[in-house]
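Comments concern the structure below.
None of the figures in this text is laboratory data; all of them are computed from the coordinates on show. Please read these numbers as outputs of a predicted model, since none were measured by experiment. Glycine also receives a Cβ, built like all others from the backbone with ideal geometry; neighbour counts cover every protein chain displayed.
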């Protein structure tokens, strides 16, 4: 999960595919090491696992009716990745200490990424690679997912920092990580994060253990984030170049100094907390103190929101709503929090229309982009729906939505059992509550954004949800104790019965199928990646790699589309036309391949064929002005020259 976070959130196929293949092996290793789960899992946990597996199966089935089968296969493989994450984390017989260690590794790992970013900002080290349009995009490459990643890290760090079981230095480090993560989140200036923040905080306080201690732990990082707030928000206002470097340096230096101060104060406070244990308050007093601490934390957060909206939160909400419903163009502002305009209203309108048009099975997994281009009202071409709920409905229909809803309800039922289980102990309850925090951000903020496609967010959300569910399995602890006390029962438990042999055979076949369904597309993606790096220096070799990619994944339209583009760029119009035809046969709804085919046919002097292809491209994407311009050139007295075709292609790209 930390590696995904560092590598563009794991978004690219050549990043998450290898993670999925590794998880196939990890799944096999977990089953071999701990045995078939059998009665170790409760009914809610089994229902959750079966429901998610059925959803993944339904996703693969959607390839049959998807307009772009290659995209549906890729999306289904990503869903399989999340099934593997959930299964691995569920099948491990977690105990509270090991689960706590897992959360610490993730939190400190993402925190280390955050500190490296702050050091780079403080040294003005290639900040243009980190900050795009005045906003921090690194490490995920997308503003809102970066904000969500650091928000998840801040929440877990704060929840764990309240635990007396951890050494004082570790608790101080966790508070410093929470401080750094909050400051980086503000540099991102995500409006979606700001809108969903109140609900995320409410849900987070509802699921954590010892709310009073967690709220008190949150006070220091929140207060330390408000001190350099003007410097953090000033990064957006810098115009780039020297101004950007200066603003980034000011923000980074102030953040690092405050994180160091927070670390020292929090460590000292943790030592005092551990050495001088205060007498336990009565329940009524604890509730009163928790209310006071929560109000203080919310007040500090509200002060930050007030400053971010320049003292006019209600006017800010009103402007944002008006821009959401009526405007598609973004306004110019000195803060991204003040920017008005978003395409989400149109994205969601089309997604709902897609569901109503295909209510049972949806469009097919990951097939929203081509449908949106045909039905859009604004000049944007998003690949994703920007909403988890509408994504499920538009891509996999009511059946997919219902299966995923069953999965969430069942897994939360199992996880909340650990949160409330008296026999599990205080630490088990606390760890289970902290493990649910990534899911809160993923679902709430992800309801208005595209986080499903980011393994760096979906992995922690679903993986730690599974870990919390595993902590709520009392049968696992009882069977483990019985086996330790009775060696004979242990040997019987591990004996190979006929049922276990059958289950092992089915599981082995499933793992081999997973290797095949993931392995060949991954090799195809790697070939496409190699070809993309060679397209300028060695076009012939790049085309050879694309031929291999097309054979490894006979559903993907990418090799033909990229190969056709290379053919146009090198003046090989016959080659380009053949490869664009291959892409069209695999993805007939992709307007770019039709445009490329029209350019190639025009370059060959086949004007009638060029006109037909270009008319098809325009029927798919009527708002693309370049298509009409190309049609006008084709209708003239001369076909497009290679130079003119290349110029048209460059404009589109």
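Some observations on this one:
- Each label was represented as a point 7 Å from its Cα along the Cα-to-Cβ direction; for residue 623 and residue 513 these points are 4.0 nm apart.
- The spacing between segment 515-590 and segment 150-164, judged by their C-alpha centroids, is 45 Å.
- Full-extension gain in nm, residue 275 to residue 116, via 0.36 nm per residue minus C-alpha separation: 53.9 nm
- Look at the alpha carbon pairs under 8 Å that are at least 6 residues apart: their mean separation over the length of segment 108-222 gives a relative contact order of 31 percent.
- Mean Cβ neighbour count within 10 Å, used as a protection proxy, ranking 107-113, 162-168 highest first: 107-113, 162-168
- Segment 1-63-segment 211-235 distance, computed between alpha-carbon centres (Å): 36
- Computed from the C-beta positions of residue 22 and residue 375, the FRET efficiency with R₀ = 45 Å rounds to 0.70.
- Taken along the Cα-to-beta-carbon direction at a fixed 7 Å, the label points for residue 604 and residue 541 span 2.9 nm.
- Highest mean packing comes first when the peptides 115-128, 351-364, 451-464 are listed by Cβ atoms within 10 Å, giving 451-464, 351-364, 115-128.
- Separation between Cα centres of segment 382-423 and segment 78-110, rounded to whole Å: 18
- Most tightly packed first, judged by the mean number of other beta-carbon atoms within 10 Å of their residues, the peptides 148-155, 26-33 read 148-155, 26-33.
- Sites residue 265 and residue 243, calculated FRET efficiency, Cβ-Cβ separation with R0 30 Å, nearest 0.05: 0.35
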